[in-house]
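These notes are about the structure you will find just below.
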Amino acid sequence: MIGNWKKKLFSYVDLFLAPSLFVKEKFMEAGFPEKKLVVLPNFVDFNPVDAVVEPEPYVVFIGRLSEEKGLITLLKAFNKLPDIPLKIVGEGPLESVLKDFVRSNHLLNIEFTGYMDGKRKRDILSKALMLIFPSECYESFGYSIIESYAYGVPVIASSAGAAKELVEEELTGYIFESGNHDDLSRKISLMISDKKRLMGMRNTSWERAKHTYTKSTNYKNLYHLFTTLINN
């Protein structure tokens, strides 16, 4: 049953914007009317690079080092991939636990870079083979995924939340079962096993960013929504 406060809210608001289909469906489950819900994805606040660069032999994670981000699953996957370097960019409350795991399992292929922003982060991201998005919580979008696409970097993302909407299997990356480190390690091995396929994914990811997740595209979509509301 919809409460009075919701009825009043729905009468005052013409349109609710959701960053993903996942969020839209959650709003609908809460009683929001589908006809007043529109998906408008987030965008990268910079122009995609002019060309995709040749990657260096490492994988990257960028984000907060906290339990819900799936980092233990990530480390367990790389425990099975000792020859593939992983750079973990970020800081957070789980950092000491993660470093203890790395030490106790003698994972020499794992590097913690600490927090990075600006050019330093862009440099490390643009040269990566791929980005891993292992989050085990309900993410409403997944900004680091489209940020990676802007540099032509494909993504392996968890099946939890909205991230799976952003990754197109075998075109911009792969989806792995949330929390399943065996599945994650398989998808990483699969992506790097064929350089031609990997470079194809890099180019497709870059094209996706240029045509879908730019400021100008977001502005045009938002302008269209406002124009439609005004004219109806």
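The values are calculated or read from the model by the stated rules, or taken from the named source; none is laboratory data. Keep in mind that this is a model prediction, so the values were computed, not measured. Cβ atoms come from the backbone with ideal geometry, glycine included; neighbour counts cover every protein chain shown. Accessible surface areas use protein heavy atoms only, side chains included; no ligands, DNA or RNA. Shrake-Rupley method; radii C 1.70, N 1.55, O 1.52, S 1.80 Å.
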Filtered residues of region 114-137 (kept if surrounded by fewer than 18 Cβ atoms within 10 Å (Cβ to Cβ) and outside any helix (DSSP H, G or I)): 114, 115, 116, 117, 127, 137
So, in region 177-196, how many residues would count as being in contact (Cβ under 8 Å) with a residue 24 or more places away in the chain and on the phi < 0 side of the Ramachandran plot? 11
Condition broken by residue 58, with the remaining ones in (1) open to solvent by 60 Å² or more (accessible area, probe 1.4 Å); (2) closer than 28 Å to residue 149 by Cα satisfied: (1)
Members of region 148-191 that are open to solvent by 30 Å² or more (accessible area, probe 1.4 Å) and in a helix (DSSP H, G or I): 164, 165, 181, 182, 186, 187, 189, 190
When region 82-96 is checked residue by residue, the ones that are assigned to a loop (DSSP other than H, G, I, E, B) and open to solvent by 10 Å² or more (accessible area, probe 1.4 Å) are 82, 83, 84, 85, 91, 92, 93, 94
All positions within region 1-36 that are surrounded by fewer than 12 Cβ atoms within 10 Å (Cβ to Cβ) and either touching a Pro at 6+ places or on another chain (Cβ under 7 Å) or over 22 Å from residue 230 (Cβ atoms) (or both): 1, 3, 4, 5, 7, 8, 29, 30
For region 61-71, how many residues are in contact with a strand residue (DSSP E or B) (Cβ under 7 Å, 6 or more places away or on another chain) and open to solvent by 20 Å² or more (accessible area, probe 1.4 Å)? 1
